[in-house]
Structures are given as structure tokens and as C-alpha cells.
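Below is one structure; the comments refer to it alone.
The values are calculated or read from the model by the stated rules, or taken from the named source; none is laboratory data. A quick note: this is a predicted structure, and the numbers were derived from the prediction, not measured. Quick reminder, even Gly has a Cβ in these numbers, built from the backbone with ideal geometry, and neighbours come from all protein chains shown. Ligands, DNA and RNA are excluded from the accessible area calculation, which covers all protein heavy atoms including side chains. Shrake-Rupley method; radii C 1.70, N 1.55, O 1.52, S 1.80 Å.
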Amino acid sequence: MSLSASTRAVPSGSPDGETSSGADLTLERITKDFGSFVAVDDLSLTVPSGSFFALLGPSGCGKTTTLRMVAGLERPSSGRILIGGQDVTSTRAHQRPVNTVFQSYALFPHLTVIENVAFGLRRTRAANPLGRAGDALDLVELRHLADRRPSQLSGGQQQRVALARAMVNNPAVLLLDEPLGALDLKLRRQMQVELKRIQTEVGLTFVHVTHDQEEAMTMADTVAVMNAGRIEQLGAPADLYELPRTAFVANFLGQSNLLGGTVVETVDGIMGVDVAGRRIRVPVDRAVSTSGDVLVGVRPEKLRLVREGEEPAPGTNWVGPGAVTDVSFSGVSTQYQVMVPGLGTLSVFSQNVAGRGEVRLGEQVRLACDVDFTFGLDGAEDATSGAVDLDDPGA
Amino acid sequence: MTIVSAIGHGPGNGPASPPPAAQGRRGRSGAYLLLLPGMAYLTLFFVFPVVALLLTSLYAPVPGGDIGQYQPAFEWRNYVVALSSYWPQMLRSFLYALTATVAAFLIGYPMAYVIAVRARGRPFLQGMLLVLVIAPFFTSFILRTIAWKQILADESFVVAALRAVQLLPPDGRLTATGFAVVCGLTYNFLPFMTLPIYASLERLDPRLVEAGGDLYAGAPTTFLRVTLPLSMPGVVSGTLLTFIPASGDYVNSVLLGNNTTTMIGQVIDSRFFKVADYPSAAALSVVLMAAILLLVSAYVRRSGTEELL
């Protein structure tokens with residue numbers, strides 16, 4: 001499905017003539033405080049034109065406030081916002097070439113679906129608003145519901161109308177505020193694919209706010225992990241996952257085993273870290289801190305279980321032995337918890353590949369990992385920062 | 001049985017569960033039982049009087065009888081006589097009521113908007129402002145109207161001030177004018193306009209207003225395209241609650257007007273109590289009721305708020 005030429009026309013509300021591929025969004029040293037509470041703290045970032053950018057963080061981290069400041073619904077306490085190089089900091093929401101897909105969709109209940117979609121076009125006096133709104137509904141495959149009221153649609157359909165209503169204006173930047181949060185899991189996965197397809201198709205700059213790390217990693221080209229009003233780390237999803245630079249990122253984006261240790265030597269770009277009496281080797285270029293106390297991290301799926309009578313491959317890091325305290329089988333993989341004396345409980349994901357015998361509860365195992373998969377973090381950090389509390393799936 | 005169970009409990013339970021279905025049916029008729037007191041009350045105090053009113057409006061004088069003695073008849077000319085004598089007062093009532101309704105809307109909407117939208121999130125302030133709106137109800141209707149008589153009296157500061165700024169000629173007066181009657185009507189029915197609009201605006205999702213701004217609508221456009229349409233149910237209720245009682249009102253015109261501001265309620269009152277002309281009072285009441293019914297149904301249809309209600 002493709003967009004007709006008319007749908008790509010630029011709304012007259014856009015300050016610059018050509019925004020059809022989106023525009024760069026730049027935040028310069030943005031701070032927002034509500035009284036004594038600092039929601040966003042000296043934040044700077046650039047979202048390149050045409051990219052799919054995700055702001056990921058737990059609730060209360062300032063990501064929605066950041067989005068609302070870009071939309072013009074909130075005014076920064078200090079700092080500048082630039083869209084396509086133009087300073088829009090002091091302009092109001094309706095003056096910005098930006099549209100938002102709201103978390104609750106915020107569809108106008110008194111207007112039909114097509115009139116909802118045409119709302120922005122009518123305000124900018126764009127030519128043929130109903131025709132273009134119809135094209136936008138085609139894009140989200142809802143043309144047949146054009147004359148319904150929002151209350152007559154399902155949550156997923158409302159979500160798509162909200163998307164069409166924002167996109168039809170061809171904004172320089174499209175903002176999505178947890179747009180999939182209200183959908184059930186299956187629909188959410190479906191909409192993730194859909195959103196990514198649409199973004200690729202229309203080439204707009206998308207800024208997506210979410211607390212769902214899987215959602216952010218699936219869809220975005222670039223993910224910024226936010227915590228307490230600041231960006232912890234920014235990069236491509238795979239880079240963030242493979243090489244987190246803070247404990248918060250290591251724990252919030254996927255899971256990590258973080259072990260406290262002390263650097264005792266550095267040889268040929270590999271540092272040796274003493275972790276509870278065992279020597280763990282970490283590549284220097286994968287470490288934030290290369291001396292003194294460090295946190296050594298490894299992802300659960302990078303760990304291999306070494307059973308009694310087996311030997312870890314030569315040249316790998318290993319710890320243990322420890323007792324298997326939990327085995328949970330989930331089909332494609334099994335998650336093990338292993339209690340290693342002196343280190344605590346480590347988490348291991350093991351693919352259910354044929355030929356491997358089942359490791360039982362209580363069995364003594366060692367845990368091995370390639371040196372290249374370990375990473376080093378600043379030892380002063382809290383190893384549990386950003387870890388998901390299992391009792392609170394919303395965190 | 002199966003149909004009842006399917007309706008009562010959806011297809012999930014199926015026809016094999018008669019006990020819950022029976023329970024559901026009992027629960028439903030039980031709900032209708034709740035209507036009973038209201039229906040009984042309305043039958044006694046509304047349906048019977050209306051029927052009596054219709055019959056009285058067709059009564060004829062007892063031949064050779066005293067003043068106020070009438071007998072059942074089918075004297076439809078009562079209507080012709082009543083209307084041909086009193087159509088100016090009828091028309092004036094609707095004009096005054098309409099003016100007062102528009103004035104109450106112009107005063108009440110901004111008030112309701114400030115309380116519901118601007119003071120959102122400040123429950124104490126909202127509560128205080130709402131009390132102020134309702135406060136006039138704490139004193140009697142008559143007393144409040146008499147107070148207006150004083151405020152608009154020739155020697156009052158209001159008249160003096162208006163004369164001073166030459167909005168009123170030196171010998172101009174406010175009391176005993178149509179203006180005073182409309183002022184009284186507006187004032188007395190203002191809370192009936194304000195409160196339903198407040199209720200509508202209070203329910204308005206502020207995110208819809210943000211969405212309006214996000215979609216290139218400035219504040220005035222967002223108000224016209226989003227806020228106002230979504231508050232229409234309140235506006236319709238408010239105008240009905242103001243217009244209907246205002247058209248039949250006679251206290252304001254008695255206390256604040258003169259013999260050129262007579263409203264239809266006043267006429268009905270005097271036909272009934274002073275001249276004991278029950279049939280013409282009844283005929284005028286029936287006409288008033290019918291006219292209001294017509295105006296109101298045309299209004300509700302035109303305002304197109306059915307889907308919002």
C-alpha cells in the first residue's frame with residue numbers, strides 16, 4: 001500500500017516548505033521542573049530526520065514530559081527545542097509542525113472517524129481534507145469505518161484512527177506517547193509491526209515514548225534509555241543490549257547478572273577482575289571503568305551451564321560451582337537460577353536445543369561465558385538499579 | 001426460556017442454566033418496580049391535573065349562574081377568545097424568556113467554564129465557587145426578587161451610576177420596565193443554566209483540548225470545535241431549565257414590571273384568582289404548555305445533541 005501524492009503534501013502549518021521526510025529534532029539542555037521536582041534534567045539529544053526514535057524508561061522518568069515539551073503542551077523551564085533547525089521553544093502547540101498520538105488516543109467523541117482524521121487538515125485549510133483523510137484511513141486499513149463514531153470502535157481501531165489523525169498532517173515530527181499501552185499483548189505485537197511498516201513507508205520522524213523495552217527494541221532505530229530525568233544511554237537497540245554502560249541500562253533493558261569485583265591487572269587490552277576470589281577477564285574496550293572496583297556484567301543467555309564431569313571451554317570466564325535453585329521451562333528456553341556462594345543468585349537462559357540433558361533442581365553446576373560477552377561497569381553503581389521488580393510488572 | 005437466558009446472560013452461559021436466567025429476569029422486572037413511586041406520584045399530581053385542566057378549558061358558564069359557576073361542556077371558543085385577547089402577553093412571555101435564557105447563557109457559560117476547567121484540580125476553590133452559584137437558593141425567591149426591586153429603584157446607586165455615565169437619560173428609570181423583568185428572570189434562573197453546563201464541562205477530558213491544540217487549532221478554534229460541542233448536552237439542559245420556567249413565570253413581572261410588561265403567567269393568575277374565569281385560565285395554560293412543548297422539541301432536534309446524551 002502506498003500513499004497518494006496528495007497525502008504527502010505539506011500542511012500549510014509547517015514553517016518550512018519541505019518536511020515530507022520529517023525534520024531533525026534537537027533538544028538543547030532542556031530542564032523541566034515542577035516546583036522542587038525536576039522531571040527532566042539538563043537533557044540534550046538529536047533525533048535525525050526520518051528515524052524511529054524511542055524514549056524508554058520507567059514511569060516517572062520524565063519521558064512523557066519530554067514528549068509533551070516537544071509537542072508544545074508543556075514549556076521547558078530552560079533550554080531550547082529546535083525542529084528542522086528552527087527554534088520552536090516559545091511557540092504554542094498549534095504552531096508547531098508536530099502531531100501526537102496520545103496515550104488515551106484523545107479522539108473527539110462528537111466527530112466521526114473521518115472528521116477526526118480531517119480535523120488538523122481543516123485547521124490548516126489544506127486542500128481536499130476529506131479525500132486526504134480517506135487516504136490516511138486506507139493506510140491504517142480503516143476506510144470502511146469512516147462514518148463511525150470513536151466510541152463504536154475497538155481499542156486497536158481507535159489506536160489506528162489516532163495514528164491516522166496525527167500522520168495525515170505530515171508532521172515534521174510524529175510523537176507517540178505510549179500508544180500501545182492500552183492494547184492487549186497480542187494486539188500490541190501486531191501494532192508494533194504495523195507502526196514500523198507505516199513509519200518506513202511514510203518516512204516521517206517518529207519519537208516514541210514507552211516503558212516497554214521489548215517494544216522500544218523491536219521498533220526503534222535508536223533508543224534513549226531515560227532514568228530520573230536524564231538519558232542514561234543512547235544508541236541502536238543491539239548496541240545498548242550488548243554493551244550497556246550503566247547498571248540501570250543493564251537491568252532495565254533485558255536482564256543482567258552484575259557481580260562486584262576489583263581490577264587486579266590489565267594485559268593486552270584485557271583486564272583481570274577479582275570476583276569473590278575468582279579471576280574474571282573483561283575486555284578493556286567493553287568496560288566503563290578500568291581500575292579499582294567494578295561491576296562485571298553478563299547477560300543470562302550468554303552464560304552456559306557446566307555440569308559435573310564437564311569442563312568449561314579453555315579461555316572462558318567461569319564461576320561456581322553453585323546449586324540450581326529454580327528451573328522454569330518456557331518452551332523455547334529454560335531459565336535457571338543458580339546460587340553461587342559468595343556471589344549470590346545468577347540467572348541463566350538456556351535454549352532448548354536437542355541433545356542437552358536436563359539440568360535438575362539442586363544440581364551443582366559451574367557457569368561459563370566467553371570473555372567477549374562480559375562487560376564492565378562503574379563499581380560505585382547500585383547493581384540492582386533499574387532491575388524489574390517481579391511484583392510490579394508495570395515498573 | 002432459552003431466549004430469555006441468552007438475552008439475560010449472553011451466549012456464554014447457554015440455555016442449560018435456567019436458575020441464573022430466572023434470577024436475571026426477576027432482577028429486570030425488579031428494576032421496573034423502582035419506577036412505581038415516581039409513576040404513582042406523577043399520575044396523581046401531573047396526569048390528573050392535566051386532564052382536569054383540559055376539561056376545565058372547555059367548560060361553559062352555568063346559564064343564569066353566579067360568577068365562577070361553570071359546567072362541563074365542549075366550549076372550544078374559550079381558546080379563540082383567550083388567544084385573541086391575550087396573544088400579546090403570550091408573545092411577550094416567550095420574548096422575555098428567550099432574552100433571559102440568552103443572557104443567562106452568556107453569563108452562566110463563562111462562569112461554569114471557569115469553575116469546571118480553570119479551577120480543575122483545585123477542589124476547594126471549585127466547591128467555594130459552586131456554593132456561590134447555589135447560594136441564592138438559600139433565600140426565598142420572592143425576597144430575592146424584591147431585593148432586585150430595591151437595586152433597580154429610582155433612588156438606587158445603580159440608576160444613579162447609569163445616569164451619571166449617561167447610559168440612562170436623567171429621567172430614565174429601570175424599575176417597572178421590561179428590562180427589569182428580564183434582569184429578574186435572568187438572575188433567578190441563572191443557577192439552572194450554570195449547573196448543567198458546569199456538569200458537562202467538568203466531564204470534559206482535558207486531553208481532548210490538548211489534542212485540539214496539537215492538531216493546529218488555536219485556543220478560540222479549540223473552544224468552538226471541541227469544548228463547546230462537547231458541552232452541548234449541558235447547554236441544552238440549561239436552556240430548557242431556564243426557558244421553560246421563565247416563560248410561565250409571573251413573580252418577576254409582578255414585582256419588577258408594570259402593566260406594559262405583563263406576562264402570560266400573570267394573566268392566568270388573574271383570570272383564575274381575581275375574575276374566577278377558570279375556563280380561559282385553563283385554556284391559556286394549555287396553549288402555553290403546547291407552545292413550550294413545540295418550541296422545546298424543535299430546539300432539541302435542531303441542536304442535534306441526541307448522540308451526546
Nearest 10, in degrees from 0 to 90: the angle of helix A:155-167 to the longest Cα principal axis of chain A is 70
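When you look at the Cβ of every residue in A:92-104, what mean number of other chain Cβ atoms sits within 10 Å?
Values: counts 3, 10, 10, 3, 3, 1, 1, 4, 6, 2, 5, 1, 4.
Mean shielding by partner chains, rounded to a whole number: 4.
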Of all DSSP beta bridges with both partners in chain A, the antiparallel percent, nearest 5, is 75
With all protein chains in place and a 1.4 Å probe, B:Arg120 shows an accessible area in Å² (nearest 10) of 80
To the nearest 20 debye, the range B:146-232 has a Cα-centred charge dipole, built from +1 on Lys and Arg Cβ and -1 on Asp and Glu Cβ, of 120
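Quick one: Cα convex hull volume of the range A:255-378, Å³ per residue? Please list the in-between numbers first.
Numbers: hull volume 12.7 nm³, N = 124.
Cα convex hull per residue, to the nearest whole number: 103 Å³.
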In whole angstrom, the spacing between the Cα centers of the range A:313-341 and the range A:20-53 equals 41
To the nearest 20 debye, the protein assembly as shown has a Cα-centred charge dipole, built from +1 on Lys and Arg Cβ and -1 on Asp and Glu Cβ, of 2740
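Based on the Cβ-Cβ distance of A:Asp212 and A:Thr290, what FRET efficiency does E = 1/(1 + (r/R0)^6) give at R0 = 30 Å, to the nearest 0.05? Can you show the working numbers first?
Values: r = 34 Å, r/R0 = 1.13.
That gives a FRET efficiency of 0.35.
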Dividing the helical contributions, -39500 (n - 2.57) per DSSP H run of n ≥ 4, by the residues of chain A yields a 222 nm value, nearest 500 deg cm²/dmol, of -6000 deg cm²/dmol
Taking the alpha-carbon centre of each part, the distance from the range B:264-283 to the range A:194-265 in Å is 82
Sorted largest first, the C-alpha extents of chain B along its principal axes in whole angstrom are 79, 61, 34
Whole-Å distance linking the alpha carbon centroid of the range A:60-128 with that of the range A:356-376 is 49
The computed P(r) of the range B:125-266 puts the percent of Cα pairs beyond 28 Å at 39
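Highest mean first, what order results for B:169-176, A:46-53 on Cβ atoms within 10 Å?
Working: B:169-176: 14.0, A:46-53: 18.8.
Per-residue mean Cβ counts within 10 Å order the peptides as A:46-53, B:169-176.
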Sorted list, accessible surface of protein heavy atoms, 1.4 Å probe, largest first, for B:Met289, B:Met39 is B:Met39, B:Met289
Bounding extents of the protein assembly as shown in its principal axis frame from Cα atoms, largest first in Å, are 130, 74, 52
To the nearest 20 debye, chain A has a Cα-centred charge dipole, built from +1 on Lys and Arg Cβ and -1 on Asp and Glu Cβ, of 1460
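If packing is taken as the average number of other Cβ atoms within 10 Å across a peptide's residues, how do B:198-207, A:102-111 rank, most packed first? If you can, show how the numbers build up before the last one.
Working: B:198-207: 17.5, A:102-111: 20.2.
Listed from highest to lowest mean packing, they are A:102-111, B:198-207.
Let a ≥ b ≥ c be the square roots of the eigenvalues of the Cα gyration tensor of the range A:117-178; is it rounded (a/c under 1.5), or, if not, prolate (a/b larger than b/c) or oblate? If you can, show how the numbers build up before the last one.
On the way: a/c = 1.91, a/b = 1.22, b/c = 1.57.
Taking the square roots of the gyration eigenvalues as a ≥ b ≥ c, the range A:117-178 is oblate.
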Percent antiparallel among DSSP beta bridges confined to the protein assembly as shown, rounded to 5, stands at 75
Charge dipole of the range B:204-309 built from unit charges on the beta carbon (Lys, Arg +1; Asp, Glu -1), centred at mean Cα; most positive-end Cα among B:Leu256, B:Val226, B:Leu215 is B:Leu256
With R₀ set to 51 angstrom, the calculated FRET efficiency between the beta-carbons of A:Ser44 and B:Ala135, to the nearest 0.05, is 0.45
Scattering profile of the range A:145-299 from the Debye formula, Cα beads only, expressed as log10 I(q)/I(0) at q = 0.18 Å⁻¹, is -1.06
Expressed in angstrom, Rg and Dmax over the Cα atoms of the range A:5-242 are 16.9, 50
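What relative contact order, as a whole-number percentage, does chain A give when Cα pairs under 8 Å and 6 or more residues apart are counted? Show your work: numbers first, answer last.
Values: 877 pairs, mean separation 64.1, N = 395.
Contact order relative to length: 16 percent.
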The lysines whose Cα lies under 18 Å from the Cα of A:Lys196, excluding any fewer than 8 residues away in the same chain, are A:Lys186
So the angle from the long Cα axis of helix A:185-202 to the longest Cα principal axis of chain A, reported in degrees to the nearest 10, equals 60
Counting other chain Cβ atoms within 10 Å of each Cβ in A:157-169 and taking the mean gives 1
